[in-house]
Amino acid sequence: MTASAASTWKVGPLAEASGLTVRTLHHWDTIGLLSPSRRTPGGHREYTEDDLVRLYQVLALRSLGLGLETIAVCLDGGVDPARLVRDHLAGVETALAALGSLQQRLQHLAGELAAGRSPTTPALLDALRAIGGTGPDAEHALRRHLDADQLQLLHTRGTALGPAAHYLLEVEWPELYRRADRLRTEGVPPADPRVRRLVARMDELAALFTGGHAAVSAGVRDAWRDAPQAMSGEPSAPAHAWSALADYLDLARLGAPS
């Protein structure tokens, strides 16, 4: 990569060095995800070393399966690059451990079938336990509103999302709720386009975990209403404030003016 004395890069050399296209970098600039922050005396825009740090963050988050909108929320919220590496590594190690455990169980089942023996119920259940689950408090809250098949759907889809699930649940989703609550406390009507956009994104995220099943989505929302502390993982989460926000978001979904 050819850098100037001030360590700045034009879009072409940066695209070549990063394996991206100039068109991609221009698009990221247009949507405000990654913009060159230096302007030369001649009016040309160039990327700085700080911009390269953000580019690394964008690519690292994208490698975890996150969309551009989620990446923007994460970066604007101040995600630490070192945390990206740690989380990615932890996700890989967890996945490897789970696969190793599943491999052993499947080898056992394969051996039983090859010998003409039917696998025992404990063996089958043991194989199913190789799939991870949610925390015990959240699981208990969800069980009051979802049946076993619906819970398994959440577990399976969450596992399939891999490390991206962490950022969606712990970074973007809370930030969306914080933004919505600020609008609510400011007296912005639920039918306001800003609120509707937030709700639309929340529902997009929900669909990733529920597969778009209306009954599952409704059950999860009911669990949040009944036990916001357990579902959020924050014992201090005020139930009354969550209830007011949930009502506000439901009105936004209906397009109600107030």
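Some observations on this one:
- Measuring r between the beta carbons of Gln229 and Ala82 and using R0 = 30 Å, the FRET efficiency lands at 0.50.
- Charged neighbours of Ala252, selected by a Cβ distance under 15 Å, balance to +2 (K, R count +1; D, E count -1).
- Extension gain, Glu175 back to Gln104 (0.36 nm per residue minus Cα-Cα distance, nm): 21.6 nm
- Using R0 = 25 Å, the C-beta based FRET efficiency linking Asp29 and Ala160 works out to 0.20.
- Amide H contacts under 5 Å for Arg38, placed H, 5+ residues apart: Glu46, Thr48
- Sequence of Asp226, Asp51 once ranked by neighbouring C-beta atoms within 10 Å, starting from the fewest: Asp226, Asp51
- Residue order, fewest to most surrounding Cβ atoms within 10 angstrom, among Tyr167, Tyr56: Tyr56, Tyr167
- Annotation: the residues Leu61, Leu169, Leu14, Leu254, sorted from fewest to most other C-beta atoms within 10 Å of their own C-beta, follow the order Leu254, Leu169, Leu14, Leu61.
Each value in this text was obtained by applying a stated rule to the coordinates, not by laboratory testing. Just so you know, these numbers come straight off a predicted model, no measurement behind them. Cβ coordinates were reconstructed from backbone atoms using ideal geometry, including for glycine residues, and neighbour counts include every protein chain displayed.
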